[in-house]
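What follows is one structure encoded as structure tokens, with my remarks underneath.
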Amino acid sequence: MFAGIREMTVRMAELLLALTFAALSAYLMIKSAELPIGWIPDEGPGGGAWPFWLSAVMLGSCIWVLVNWVLRIGPVANNDGPLFEAGMFAPVFLVAAALTICIGLIEGIGVGGFGGIGFYGALPLFLAFYLKVMGNHSWMTTILTAVLVPVVTFLFFEIMLKITLPKGMTDPLFIPVYAFFYGL
């Protein structure tokens, strides 16, 4: 399997990914349309609205990529070089391992009753690792990003959209935040 991946070209990978994501987008649109996808008066967007319209945008992007691929427009559509250069598997594996650990930290690993640190605890740790270790960014950039991205994510999902993300053992820390926004 890995021998085939090592021999894959950038152009072929672009085609395979565009086709895969186009099929996934169409599937998600069909499944999302089982719920209301429009605006419900006095309620807001229907339960299928976000996944449907995001999938529609993703499908449109995939079609754009496929048109560029067929017409050979752009550097990627013309790149018959190898997809992976020597030494690329180690960094990809490291990021995949870090993401796996991040996901495990959200809900907990299930060892010794550890309940997890939630999305807003795991995300800054992953961002800090990725920016500082993988990207070699400054501490200022790393800390600002690791703090601001979860805050903006919280405001967008929890306050604007009223979509609760898992908080794990950090849940009590959010009581004052909800009290501030909802006057509890």
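What the table below lists for this structure:
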{"item": "Heavy atoms of Met12 accessible to a 1.4 Å probe, total area in Å² rounded to 10", "result": "80 Å²"}
{"item": "Counting all C-alpha pairs of the range 2-70, share separated by more than 16 Å (%)", "result": "55 percent"}
{"item": "Long-range HN-HN contacts of Thr9 with modeled amide H, under 5 Å", "result": "Leu83"}
{"item": "Gain on full stretching of the segment that runs from Ala90 to Ser61 - 0.36 nm per residue minus C-alpha separation", "result": "7.5 nm"}
{"item": "Gain on full stretching of the segment that runs from Leu155 to Ala97 - 0.36 nm per residue minus C-alpha separation", "result": "18.1 nm"}
{"item": "From phi via Karplus (6.51, -1.76, 1.60), per-residue ³J(HN,Hα) for the range 33-39 in Hz, x at Gly/Pro", "result": "6, 5, 10, x, 10, x, 8"}
{"item": "Per-residue SASA entry for Glu158, accessible area with 1.4 Å probe, Å² rounded to 10", "result": "10 Å²"}
{"item": "Translational diffusion coefficient (Stokes-Einstein; Kirkwood radius from C-alpha pairs) of the chain at 37 °C, 0.692 mPa s, in µm²/s", "result": "164 µm²/s"}
{"item": "Cβ-based net charge around Asn78, under 12 Å, with every Lys or Arg adding one and every Asp or Glu removing one", "result": "0"}
{"item": "Nearest-20 debye value, the chain charge dipole, Cβ charges on Lys, Arg, Asp, Glu", "result": "260 debye"}
{"item": "Potential lengthening between Val70 and Thr170 on full extension [0.36 nm per residue; Cα-Cα distance subtracted]", "result": "31.0 nm"}
{"item": "Summed side-chain charge close to Leu66 - residues other than Leu66 whose Cβ falls under 15 Å, Lys, Arg +1, Asp, Glu -1", "result": "+1"}
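The values are calculated or read from the model by the stated rules, or taken from the named source; none is laboratory data. Since we're looking at a predicted model, the values are computed, not measured. No Cβ is skipped: glycine too gets one built from the backbone with ideal geometry, and neighbour counts run over all protein chains shown. Each accessible area value is taken on the protein alone, full model and side chains, heavy atoms only, with ligands, DNA and RNA left out. Shrake-Rupley method; radii C 1.70, N 1.55, O 1.52, S 1.80 Å.
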